[in-house]
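Input: one structure, supplied below.
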Amino acid sequence: MPEQLSQLLYLARWAGTLLVLSVHGSALFLNFNRLDPNDESAFVAAWRFLVSYEFARQGVIGFFVMSGFLVGGAAIARLREDKPFLLDYCIHRFARIYLVLIPAIVLTFVLDTTGRSIFPVEFGAYGVSYFEGHYDLRLMLADFVNLQGIITKFYGTNGPLWSIAYEFWYYIFFPLLLLPFGRAYSPGTRKIVAAVIFAVCIAVTIRQIWFAFGFLVWGLGAALTLARRPLMRSPARALVLTATVIVALRVIFTGAMMRDYPALLCIPDAITAAAFANLILTMRFSTLQDWRVLDWSGHKRLADFSFTLYAIHNPTIVFLRAAASQFLGLEWAQSTAGAEQWEVLAVSAGVTVAFAYALSRVTEAKVGVARRRLRQFVDRAESRLADQPLAGLMRAPLARRAISRRVGLWKAGGRFEKPRAPGVAAAQSAQGCGEYGEAGDGKIAAAGRG
């Protein structure tokens, strides 16, 4: 993967996460309802246009495309090899998601329970209708298995966790659906597993139609690793096109329109995904070296804790909003956005970012350690199973298949031939994205959430 593309994805990750934080913080701390449009400054007008739910949603769509490109693309490359990979793949994905998700859910429980206990409901967002019915502890259990936003409501005030649930199941379902194209597993197993997962996807889609749409967006990112040439040669033109499309969608598909006609959401989502995909594809084949904004080493440092920030920011700023109202008074919270409100928002956002960074030192920064320990645990479990009396019977068919695969997979012209090597595109994907789209060697890590 070109270094400039890696840097671009780092930048997109941390900037997109900060945008989501700003959107949620603005909704909590800044009241523009009583603001006279004639008195609106240029700064406030620009803030309200840029820091909007429309742009935040486009950022989440971009995360799905990036995640598919990094994780899905690497999975495609591994599917075309002769070595079984699903166990290692699941270890990588589970460690990446749950090392952040579990602390985020626990933190949500602690902050929401504490905030609802010590602060009056009207001083924060705990009592708004959006969070009504979300404090049932059974929902917290559903969050632990990533059902939020798909089968159940999200727990507490941590609404952004819905996208993590979607990404988690895309991680799991994608290689299983493509298993019939895998070389390392028996034909019968491949077909049965793929059929079962396809049926599960259909059942989930019946309940939540956006699950299938989001899966297609994620799959689009994965498909970029198979492309042999870009649609556009100029990265600058691709970037301008992407920015133009995003701004045009923000103007045309307003928040009010989306609330009145939610079925239309798929239109801007699909166009946004296509624009991001085109930009990634163009940069993948580019030898660009002169975008100095991408040379900053801080992009990776900020991206390295963006997943933690995304996962914990909402319950944190809701708690800080309630605390600010407690000390500054309800009148402060309900008054039109002024200098004091902007200052409190800036301080609260800064505290949230700093807290996320500190927490990431024991979450995202420890993903490699978690993977190694999980791998050791699985190896020990396999060793215990190997000592069981029936283990030899279970291993014999696998051993025979392994031997036959070493000799050759098919016979042609009276001699055995070795399997063909994976395609060039798949090899480039595996080389560029790392083993599973992660970044032990300085390459980009999976998006958002993964």
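The values are calculated or read from the model by the stated rules, or taken from the named source; none is laboratory data. Please read these numbers as outputs of a predicted model, since none were measured by experiment. In this analysis, Cβ positions are derived from the backbone assuming ideal geometry, glycine residues included, and neighbour counts consider all displayed protein chains. For accessibility, only protein heavy atoms count, side chains too; no ligands or nucleic acids. Shrake-Rupley method; radii C 1.70, N 1.55, O 1.52, S 1.80 Å.
Give me the residue from region 20-51 that is small (Gly, Ala, Ser) and under 28 Å from PHE327 (Cα atoms) and, out of that set, surrounded by the most Cβ atoms within 10 Å (Cβ to Cβ).
Out of the qualifying residues, it is GLY25.
Taking the stated definitions as given, is THR189 of a type in the set (S, T, N, Q), farther than 28 Å from PRO262 by Cα and open to solvent by 40 Å² or more (accessible area, probe 1.4 Å)?
So THR189 fits the description; yes.
Report every pair of residues separated by at least 6 positions or lying on different chains whose Cβ atoms are under 6 Å apart, first residue within region 136-164 and touching a residue at least 40 places away in the same chain (Cβ under 8 Å), second part of a helix (DSSP H, G or I) and among the small types (Gly, Ala, Ser).
ASN146/ALA165; GLY149/ALA165; ILE150/ALA165
What are the residues in region 189-216 that are closer than 21 Å to TYR89 by Cβ and among the small types (Gly, Ala, Ser), if any?
ALA194, ALA195, GLY214
Of all the residues that make up region 90-121, how many are in a helix (DSSP H, G or I) and surrounded by fewer than 21 Cβ atoms within 10 Å (Cβ to Cβ)?
Residues that pass the stated criteria total 16.
Considering PHE276, PHE305, PHE285, which residue is open to solvent by 50 Å² or more (accessible area, probe 1.4 Å), modelled with pLDDT of 90 or more and among the hydrophobic types (A, V, I, L, M, F, W, C)?
Going through PHE276, PHE305, PHE285 in turn, just one is open to solvent by 50 Å² or more (accessible area, probe 1.4 Å), modelled with pLDDT of 90 or more and among the hydrophobic types (A, V, I, L, M, F, W, C): PHE285.
Further question: Residues being open to solvent by less than 30 Å² (accessible area, probe 1.4 Å) and closer than 15 Å to LEU216 by Cβ: count how many of those fall in region 167-186.
4
So, one more: Looking at THR352, THR336, THR316, THR308, which is the one that is hydroxyl-bearing (Ser, Thr, Tyr), on the phi < 0 side of the Ramachandran plot and outside any helix (DSSP H, G or I)?
Answer to the selection: THR336.
Further question on the same structure: Residue by residue through region 319-352, note down the ones that are crowded, with 19+ Cβ neighbours inside 10 Å, modelled with pLDDT of 95 or more and of a type in the set (Val, Ile, Thr).
Once the filter is applied, which keeps residues that are crowded, with 19+ Cβ neighbours inside 10 Å, modelled with pLDDT of 95 or more and of a type in the set (Val, Ile, Thr), region 319-352 yields only THR352.
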